[in-house]
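S.K.: Provided herewith is a single structure, encoded as structure tokens, for subsequent inquiry.
We did not get these values from a lab; they are worked out from the coordinates using the rules stated. If you're wondering where the values come from, they're calculated on a predicted model, not measured in any experiment. No Cβ is skipped: glycine too gets one built from the backbone with ideal geometry, and neighbour counts run over all protein chains shown.
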Amino acid sequence: MTEVLSQDEIDQLLTAISTGEVDADEMNKTTDQRKIKIYDFKRPDKFSKDQIRTISMIHETFARLTTTGLSAQLRALAHVHVASVDQLTYEEFIRSIPSPTTLGIINMDPLKGSSVIELDPSITFAIIDRLFGGKGESLKTNRELTDIELSVIEGIIVRLLGN
């Protein structure tokens with residue numbers, strides 16, 4: 001945290017330096033001894049293998065609960081499974097998702113930061129088609145979601161995240 005000095009304190013410091021009571025070189029030395037860890041943004045190694053296994057188990061549990069919840073909401077058989085759990089750079093992630101796509105940004109309280117859930121457009125439109133009375137078929141062309149479709153998908157994501 002940065003300390004703000006009053007004008008009187010600044011004047012006293014300048015007087016002390018000019019009279020020689022305080023050495024300017026001593027004041028320059030910082031006593032803050034932080035440990036700096038170099039992070040390579042080209043190769044993300046933020047998580048250990050044990051942590052990756054734990055994250056994988058969490059995702060498998062979420063997939064199982066999502067399968068049940070989605071099947072109930074769509075009144076049709078749905079199957080969700082974990083394909084892989086990998087560490088990617090942000091650039092690799094952005095390049096891997098189709099455009100347009102459905103991204104849900106999730107607050108991770110009480111943890112710091114946010115999480116992202118991405119739904120492929122084919123899955124998004126199949127869910128919307130099924131909920132609006134269709135057979136659950138995906139659109140052949142990708143397009144942006146309408147306001148109504150966006151609201152419906154947001155409700156689905158919120159219910160799934162309740163798991």
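S.K.: Contact order normalised by length for the chain, with contacts defined as Cα pairs under 8 Å and 6 or more residues apart; what percent is it?
M.R.: Working: 107 pairs, mean separation 24.4, N = 163.
RCO, the chain: 15 percent.
S.K.: Here's a follow-up. Which of the aspartates and glutamates could be linked to residue 37 by a straight reach, that is with a Cα gap under 18 Å, when you skip same-chain ones fewer than 8 residues away?
M.R.: Excluding near neighbours in sequence, the set is 45.
S.K.: Subtracting the Cα-Cα distance from 0.36 nm times the residue separation, let me have the gained length for residue 118 to residue 105 in nm, one decimal.
M.R.: On the way: separation 13, 0.36 × 13 = 4.68 nm, distance 0.88 nm.
Extra length from residue 118 to residue 105 when fully extended: 3.8 nm.
S.K.: If we count every other residue with Cβ under 14 angstrom of residue 96's Cβ, Lys/Arg +1 and Asp/Glu -1, where does the sum land?
M.R.: Net of charged neighbours comes to -4.
S.K.: Hey, what number do you get for the chain at 222 nm if only DSSP H runs of n ≥ 4 count, each worth -39500 (n - 2.57), divided across all residues, to the nearest 500? Mind dumping the intermediate values first?
M.R.: Working: 6 runs with 77 residues, N = 163.
Estimated from H runs of four or more residues: -15000 deg cm²/dmol.
S.K.: Beyond 28 Å between alpha-carbons counts as too far, so tell me which of 35/112; 49/112; 112/140 fall in that bin.
M.R.: Values: 35/112 21 Å; 49/112 22 Å; 112/140 39 Å.
Beyond 28 Å between Cα atoms: 112/140.
S.K.: Translational diffusion coefficient, Stokes-Einstein: compute it for the chain using the Kirkwood radius over C-alpha pairs as Rh, at 20 °C and 1.002 mPa s, and state it as an integer in µm² s⁻¹. It would help to have the intermediate numbers written out before the result.
M.R.: Details: Rh = 20.8 Å.
Result for D is 103 µm²/s.
S.K.: By how many degrees, between 0 and 90 and to the nearest 10, does the Cα long axis of helix 7-19 differ from the longest principal axis of the chain?
M.R.: Long axis of 7-19 versus the principal axis of the chain: about 50 degrees.
S.K.: Let me ask another. By how many nm would the segment from residue 140 to residue 87 grow when fully extended, if each residue of separation counts as 0.36 nm and the alpha-carbon distance is taken off?
M.R.: Details: separation 53, 0.36 × 53 = 19.08 nm, distance 3.12 nm.
That works out to 16.0 nm of additional length.
S.K.: Ok, one more. Among 98, 151, 114, which residue has its Cα positioned farthest towards the positive end of the charge dipole of region 63-163, with +1 placed on the Cβ of Lys and Arg, -1 on the Cβ of Asp and Glu, and the dipole taken about the Cα centre?
M.R.: Result: 151.
S.K.: Ignoring chymotrypsin sites (Phe, Trp or Tyr not before Pro) that are buried or in helix or strand per DSSP, and keeping those with at most 16 other beta carbon atoms within 10 Å, what is the longest stretch of the chain between them?
M.R.: Values: sites that count: 39, 41, 47, 132.
The longest uninterrupted stretch comes out as 48-131.
S.K.: Using a Gaussian network model of the chain whose springs link C-alpha atoms within less than 10 Å, name the residue from 83, 126, 16 with the highest mean-square fluctuation.
M.R.: Looking only at 83, 126, 16, the largest GNM fluctuation is found for 16.
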